[in-house]
Amino acid sequence: MGNIIIEDTRNKPEKNKHIRDQLEKLGYKVVRSKLYCGDYSWATDQKICIDTKQDLQEVCGNVTQQHERFRSECERAKEAGIQLVILVQEPGINILSDVCGWYNWRKKKNPKALSGKQLYKILATMTERYGVAWVFCTKATVGKRIVELLKGER
């Protein structure tokens, strides 16, 4: 596979420094370049692309306010034969069904904010329609999970 991982140039370098540091510590060189979809992929084979999210709150924004842009990226990946994996840094969530029990703190101020159950249904539908895989990890393990996922390990 090689040891060069591409980080998309649309990714904010300062926001994802911890990911680059983890990948480099694992022995991978990280090069910034534009990717067709996602945030991370192998330089030599982009059949799998990883799109990182800092937490489920960011995912809520992606599937509500930025729904069209996010859906388009999922469609683009599917049409190109790319496995798009959304890697969410959310402690306490291990598998997609765990999202049902997630508490959205925004519900305190806005009763229309998504509940964990509503978010789960949206994410499950995206998996069904576009083949998107949802994987969860912690901030401390995100680099290791990126490498495992790029190697095809779930």
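The values are calculated or read from the model by the stated rules, or taken from the named source; none is laboratory data. These numbers were taken from a predicted model, which means no experiment stands behind them. As a convention, Cβ positions derive from the backbone with ideal geometry for all residues, glycine included, and neighbour counts pool all protein chains shown. For accessibility, only protein heavy atoms count, side chains too; no ligands or nucleic acids. Shrake-Rupley method; radii C 1.70, N 1.55, O 1.52, S 1.80 Å.
The table below lists the values:
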quantity: Per residue accessible area in Å² of the range 8-93, where ligands, DNA and RNA are left out and the probe is 1.4 Å; calculated: 50 Å²
quantity: Largest-first ellipsoid semi-axes for the chain, taking √(5λ) over the Cα gyration tensor eigenvalues, angstrom; calculated: 26, 17, 14
quantity: Backbone HN-Hα couplings from phi across the range 114-121 [Karplus 6.51/-1.76/1.60, Hz, Gly and Pro as x]; calculated: 5, 8, x, 5, 5, 4, 4, 4
quantity: In Hz, Karplus ³J(HN,Hα) per residue of the range 25-34 (6.51, -1.76, 1.60; θ = phi - 60°; x = Gly, Pro); calculated: 5, 7, x, 9, 8, 10, 10, 8, 7, 6
quantity: For residue 114, distant residues with modelled amide H under 5 Å away; calculated: none
quantity: Estimated FRET transfer efficiency when R0 is 35 angstrom, pair residue 25-residue 69 (beta carbons, to 0.05); calculated: 0.60
quantity: ³J(HN,Hα), Karplus 6.51/-1.76/1.60, whole Hz, each residue of the range 139-154, x for Gly, Pro; calculated: 4, 6, 10, 4, x, 4, 5, 4, 5, 4, 5, 5, 7, x, 8, 9
quantity: Largest-first principal axis extents, alpha carbons of the range 100-154, Å; calculated: 41, 30, 14
quantity: Portion, in percent, of the accessible area of the chain that falls on carbon or sulfur, probe 1.4 Å; calculated: 52 percent
quantity: Residue 58/residue 33 FRET efficiency (R0 22 Å; Cβ-Cβ; nearest 0.05); calculated: 0.45
quantity: Solvent exposure, largest accessible area first (probe 1.4 Å, DNA, RNA and ligands not counted), of 53, 34; calculated: 34, 53
quantity: Kirkwood Rh and Cα Rg combined as Rg over Rh, evaluated for the range 71-110; calculated: 1.13
